[in-house]
Structures are given as C-alpha cells and as structure tokens.
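Comments concern the structure below.
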Amino acid sequence: MNSAARRIGRTLALVLPVVLVLSGTLAVTRVPWATTATDSQVLTASTGSAAQAAHRTPEEALRQRLLVELQEKDPGTALTHLQEATTKRPSLAKHCASIARDLGRAAVAKYGAAHRAQAFSRPVCDTSFATGVAAAQ
C-alpha cells in the first residue's frame with residue numbers, strides 16, 4: 001500500500017504542474033487583451049477637438065493621419081505606414097482598400113498629374129492606390 005501511494009504521489013507531482021500551466025495558458029488566450037478602450041486618448045475638457053476624437057473610428061483616424069502625412073511628405077511614406085498599420089491591427093485590413101484609394105486621389109491632387117502620383121504606387125491593398133489615382137484623372 002505504501003508504494004502505491006508513493007507512485008500516485010509522484011504521478012500527481014509530475015502531471016499536476018503540466019495541467020495547471022496548460023490550463024492557465026489556454027485561459028489567457030481567451031481573454032480579449034486588445035479592446036477599443038486601450039486605443040482611446042485622454043483629453044482634457046478644454047480641448048476643442050475632444051468630441052471629434054472621441055467619435056472617430058480607428059480607420060478614420062488612420063485615414064486622416066495618412067492624408068496629412070501624404071501632404072507633408074510623400075505618398076510612398078503614407079503607403080508604407082498603411083501597410084504597417086494593417087499588419088499591426090488586422091481589423092483595419094478591411095478598410096485598407098478605401099484608405100489606399102483616398103491616398104491615390106490625394107496624391108493626384110497634390111502633384112497635379114496622375115503619372116507623377118503613380119510613381120509612388122506600391123503593392124499595398126492590391127491595386128487600390130492605382131485605382132484612386134485613375135479615378136482622380
């Protein structure tokens with residue numbers, strides 16, 4: 001009887017930590033760590049754009065940021081940051097094509113000619129940037 005109790009004790013000593021680690025790992029993978037609350041910004045009441053910032057969706061915020069970046073720098077930089085943003089947050093991927101089309105139209109407006117804007121084309125969101133350039137002609 002004494003050796004049977006030892007064998008059961010040893011088995012539990014080996015199996016129990018494995019079971020606890022696996023169940024803890026599975027429990028953590030089910031928790032939605034990235035919620036929309038983490039993306040919100042803390043704004044003071046005196047900030048004039050507080051109401052606008054609170055009601056903008058993440059894709060609208062990204063679109064605005066990239067359009068400003070396109071005006072300040074070039075469309076290539078904005079397209080690179082669009083690709084990085086959709087890689088970091090896959091939920092933005094469904095909006096990637098419309099954002100890229102808007103970037104294409106804005107590039108034509110900035111440079112005044114489709115061929116100059118098309119020079120910055122990249123394979124981001126298939127051919128959406130090129131579609132935006134063509135639509136702006």
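Mind grabbing the accessible area of SER23 for me, 1.4 Å probe, Å², rounded to tens?
Counting only protein heavy atoms, the figure is 60 Å².
Residue-wise, which Karplus ³J(HN,Hα) couplings in Hz belong to region 76-81, taking 6.51 cos²θ - 1.76 cosθ + 1.60, θ = phi - 60°, and x for glycine or proline?
x, 5, 5, 5, 4, 5
So which aspartates and glutamates can LYS73 reach, going by Cα to Cα under 19 Å and dropping same-chain residues fewer than 8 places off?
GLU84, ASP102
Give, in nm to one decimal, the length gained when the segment between GLU84 and ALA119 is fully stretched (0.36 nm per residue of separation minus the Cα-Cα distance).
Net length gain for the segment: 10.6 nm.
To the nearest 10 square angstrom, what accessible area does HIS81 show with a 1.4 Å probe?
60
Quick one: if you stick a label point 7 Å off each Cα along the C-beta vector at SER91 and ARG10, how many nm between them?
Simple spin-label model gives 5.1 nm for this pair.
The values are calculated or read from the model by the stated rules, or taken from the named source; none is laboratory data. Keep in mind that this is a model prediction, so the values were computed, not measured. As a convention, Cβ positions derive from the backbone with ideal geometry for all residues, glycine included, and neighbour counts pool all protein chains shown. What goes into the accessible areas is simple: the full protein's heavy atoms, side chains included, and nothing from ligands, DNA or RNA. Shrake-Rupley method; radii C 1.70, N 1.55, O 1.52, S 1.80 Å.
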